[in-house]
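Visitor: Right, I'll just put the structure down here and ask away after.
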Protein chains: 2
Amino acid sequence: MESKDLKQAGLKATVPRLKILKFLEESKVRHMSAEDVYKSLLDSGEEVGLATVYRVLTQFESAGLVTRHHFEGDHSIFELNDGEHHDHILCVKCGRVDEFVDDVIEARQAAIARENGYSMEDHSLYIFGICSDCQSKK
Amino acid sequence: MESKDLKQAGLKATVPRLKILKFLEESKVRHMSAEDVYKSLLDSGEEVGLATVYRVLTQFESAGLVTRHHFEGDHSIFELNDGEHHDHILCVKCGRVDEFVDDVIEARQAAIARENGYSMEDHSLYIFGICSDCQSKK
DNA sequence: CTAGAAATGAGAATCTTTCGCATTTAGATC
DNA sequence: GATCTAAATGCGAAAGATTCTCATTTCTAG
């Protein structure tokens, strides 16, 4: 029963929130914009207002249920948080997204923050490149 | 004569482009939005259209004269390219921005791209934290 | 100096996201 | 289960950033 997740997160278990959470959990696509979520829900016959999708995703972010990315800079992309932190590597040709974790980089970031007198709160790292598929298609 | 820079970059040396380039070179602030550039120019009595500022900054980016950042995700921030690549560490309280270069991270990124079958084109790394000033002000 | 291509400026248009507010709903209490 | 109140929703309007359109101006090659 997913409503537990919402309650735990301090959010009332409303119909729109449950729909959105369920959709994120069941979607095979891991990275989606608010518009993507909205349209996909409409397509499956689920009525939710676009403004609500934006609001709910922002609340989910605050609650730690999803992470907001700025892959391209313009619009936000959301990803369901399932466990451990990871960074992303994206193909600039086809838009493919892969995930990775690198302890060396994680450690260096913390050290750099320290060296500069900062207490680290967060970080964002994206590697852009051309994936193997797109390289061979060249 | 700055018009050389523009010619080299394959851009016609027009008045607006020269004004914007000169402004970027002389500004003590290194990171600015298009709006910032526009308003600052207006304040110094230089007439340039906002649309032109956007166009020119985008052209400068393509020409490699400036780098576009997405610090906060919504609007673009531009920085004049003066030589070596560097990454950024930002204070989430006061907006301060510091720069750093870390060879270990650079090397790991290239390795990660390779391990994932990507040819690396670019990367963006931002560390978010609280700077020393803001920590003591707490 | 002149012509043609490229660039500019001003405002309209677009896109993404947020806001305002009247209506509905979750969930605590009776 | 009925009731109440704060919180949430949905809609359309509004906002902010950026791009587009197109008439006018300006480079720059010849």
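Every number here is computed from the coordinates shown, using simple stated rules; none is lab data. Worth saying up front: this structure is predicted, and the values here are computed from it rather than measured. Don't worry about glycine lacking a Cβ; one is built from the backbone with ideal geometry, like all the others, and counts go over all protein chains shown.
Visitor: Once you put a point 7 Å from the Cα of B:His86 and another 7 Å from the Cα of B:Ala9, both along the Cβ direction, what distance in nm separates them?
Guide: So the two model labels end up 1.9 nm from each other.
Visitor: To continue, here is another question. Between B:Ala111 and B:Lys93, 0.36 nm times their residue separation minus their Cα-Cα distance comes to what?
Guide: Values: separation 18, 0.36 × 18 = 6.48 nm, distance 3.36 nm.
My answer for the length gained is 3.1 nm.
Visitor: Mind listing which GluC sites (Glu not before Pro) in the stretch B:21-56 are in a DSSP loop and have 13 or fewer other Cβ atoms within 10 Å? Intermediate results must be reported in sequence, preceding the final value.
Guide: On the way: sites: B:Glu25, B:Glu26, B:Glu35, B:Glu46, B:Glu47; in loops: B:Glu46, B:Glu47.
In loop regions of the stretch B:21-56 (DSSP not H, G, I, E or B), the sparsely surrounded GluC sites (Glu not before Pro) are B:Glu47.
Visitor: Compute the FRET efficiency between A:Lys22 and B:Arg68 as 1/(1 + (r/R0)^6), taking r as their Cβ-Cβ distance and R0 = 35 Å, and round to the nearest 0.05. Could the numbers behind the result be given before it?
Guide: Details: r = 37 Å, r/R0 = 1.05.
Approximately 0.40, to the nearest 0.05.
Visitor: Ranked from highest to lowest mean number of other Cβ atoms within 10 Å per residue, what is the order of the peptides A:58-71, B:83-96? The partial results should precede the final answer.
Guide: Working: A:58-71: 17.2, B:83-96: 15.1.
Result, highest mean first: A:58-71, B:83-96.
Visitor: What's the Cα-based Rg to Rh of the stretch B:3-80, Rh via Kirkwood?
Guide: On the way: Rg = 11.6 Å, Rh = 12.5 Å.
Using Cα coordinates only, the ratio equals 0.93.
Visitor: While we're on this one: Under the Kirkwood approximation for Rh and a Cα-based Rg, what ratio Rg/Rh is obtained for the stretch A:39-108?
Guide: Working: Rg = 14.9 Å, Rh = 14.3 Å.
Taking Rg over the Kirkwood Rh, I get 1.04.
Visitor: Moving to a separate point now. Shielding of A:12-20 by partners, i.e. mean partner chain Cβ atoms within 10 Å per residue? Present the calculation step by step, with values, prior to reporting the outcome.
Guide: Values: counts 0, 0, 0, 0, 0, 0, 0, 0, 0.
Mean shielding count: 0.
Visitor: Continuing with the same structure: Which ³J(HN,Hα) values, rounded to whole Hz and listed in residue order, are derived for the stretch B:89-106 from phi using the Karplus coefficients 6.51, -1.76 and 1.60 in 6.51 cos²θ - 1.76 cosθ + 1.60 with θ = phi - 60°, glycine and proline given as x?
Guide: 10, 10, 8, 6, 8, 10, x, 4, 10, 10, 10, 8, 10, 9, 5, 4, 5, 4
Visitor: Residue by residue through the stretch B:77-84, which ³J(HN,Hα) values in whole Hz follow from phi under the Karplus form 6.51 cos²θ - 1.76 cosθ + 1.60 (θ = phi - 60°), with glycine and proline marked x?
Guide: Values, residue by residue: 10, 10, 9, 5, 7, 10, x, 6 Hz.
Visitor: Same structure again: How far apart, in nanometres, would the label points at A:Ser44 and B:Ala51 be if each is projected 7 angstrom from Cα along the Cα-to-Cβ direction?
Guide: 4.3
Visitor: Can you compute 3J(HN,Hα) from phi for each residue in the stretch A:41-48, using the Karplus curve 6.51 cos²θ - 1.76 cosθ + 1.60 with θ = phi - 60°, rounded to whole Hz and x for Gly and Pro?
Guide: My calculation for the stretch A:41-48 gives 5, 4, 4, 8, x, 8, 8, 9 Hz in order.
Visitor: With both partners inside chain A, how many of the DSSP beta bridges are antiparallel, as a percent to the nearest 5?
Guide: On the way: 11 of 15 bridges.
Given both bridge residues lie in chain A, the antiparallel proportion sits at roughly 75 percent.
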